[in-house]
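Quick notes on the structure that follows.
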Amino acid sequence: MSETHFPIVPLGVEFKDAKIFGSIGRLEVIPVDKLFVDSTYQRAISAGSVRNIKRICQKFDWAKFLPVIVTQDGDRYSIVDGQHRTTAAATIGVTEVPCYVLSCSPSEAAAAFAAINGNVTPVRPIDLWFAELAANEPSAVELQKVLDASGVKITRKKEGFLVGETGSINILRRALDFYGSALLTTILQCIVETGDGNPGMIYGAVVNGIGRAIRTKPELLASPSFLFDVFDGISLSTMVYDAGIESARTGNPIQFIITRQINAALRTEKEVRDAA
């Protein structure tokens, strides 16, 4: 067994009265024109569905095409799961798709639809990130370069973060889109390379509070030593605490309060240096 692969292990819970219903289906490749949608339990294609179908069309890949789950009634097959990916396949000219054919009645098919769509375990954003990084997805690789440059590490921890550790992957992905790689690198360095490293401070309000304070100051970004000197004198945890109290009293967003506090600290330090 390798470090990255592990076997399926039963839960270790005894199910003396467990029952197995139905029978194993069969895999077939079926022409798209024999596949139908049963509106008694299937959803109509919505605007959101159209967007999803277009995404599948743009990067259609058989490695990402799970077999369509269907039931058979003569030479007609009803789709239990896979309407979107089948529609995408048909849209780009695919004439047949792999299917898993269930052996069940229409009511059992409806129950299967409810079970398949109701018992899905959501993929956490952080798990999706690691998967995309392993697949060398360009935006994931670009963000990893920023993280490497700023000494930040994505972790599955939920608490007890060390310096540079964070689980705020969605925040960082949006920040990369908004600020760009160079500015986001500086923002993260302001957190992890100053003071005591500010463990636990890499999250939305802090990242955006800093980002909005410095993104319009090209002179600081061109020579960040002054910026880092200022952050060496800031306790971000105290700043966040004070901002939380003010936010509770005034209703102002915490990140806007942090931006104002950082701008004040930058002005004060500049005045001190100018007077020296």
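Figures for the structure shown
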read-out	value
Residue match in region 236-250 (condition: assigned by TED's automatic domain parsing to the domain that holds Lys157, part of a helix (DSSP H, G or I), out of contact with any helix residue (DSSP H, G or I) (no Cβ under 6 Å at 6 or more places or on another chain) and farther than 28 Å from Lys158 by Cβ)	yes
Residues (over 17 Å from Phe113 (Cα atoms) and either touching a helix residue (DSSP H, G or I) at 6+ places or on another chain (Cβ under 7 Å) or among the aromatic types (Phe, Trp, Tyr) (or both)) located in region 29-48	Val32
Qualifying residue in region 17-28 (condition: at pLDDT 90 or above and touching a helix residue (DSSP H, G or I) at 6+ places or on another chain (Cβ under 6 Å))	no
Evaluation of Ser223 against (1) surrounded by fewer than 18 Cβ atoms within 10 Å (Cβ to Cβ); (2) at pLDDT 95 or above (one fails), failing number	(2)
Unique match (being of a type in the set (Val, Ile, Thr), under 23 Å from Val101 (Cα atoms) and surrounded by 10 or more Cβ atoms within 10 Å (Cβ to Cβ)) among Val29, Val50, Val80	Val80
Options Thr87, Thr91, Thr95, Thr40: the member that is among the β-branched types (Val, Ile, Thr) and either crowded, with 18+ Cβ neighbours inside 10 Å or on the phi > 0 side of the Ramachandran plot (or both)	Thr87
Residue among Ala243, Ala213, Ala264 that is of a type in the set (A, V, I, L, M) and more than 21 Å from Pro199 (Cα to Cα)	Ala264
Hits in region 138-195 - residues which are more than 21 Å from Pro125 (Cα to Cα) and touching a Lys or Arg at 6+ places or on another chain (Cβ under 7 Å)	Leu183
Phe228 being surrounded by fewer than 18 Cβ atoms within 10 Å (Cβ to Cβ), in the same structural domain as Lys145 (by TED's automatic domain parsing), at pLDDT 95 or above and part of a helix (DSSP H, G or I)	no
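The values are calculated or read from the model by the stated rules, or taken from the named source; none is laboratory data. Quick caveat: nothing in here was measured; it's all calculated off a predicted structure. Every residue, glycine among them, receives a Cβ derived from its backbone with ideal geometry; neighbour counts consider all protein chains shown.
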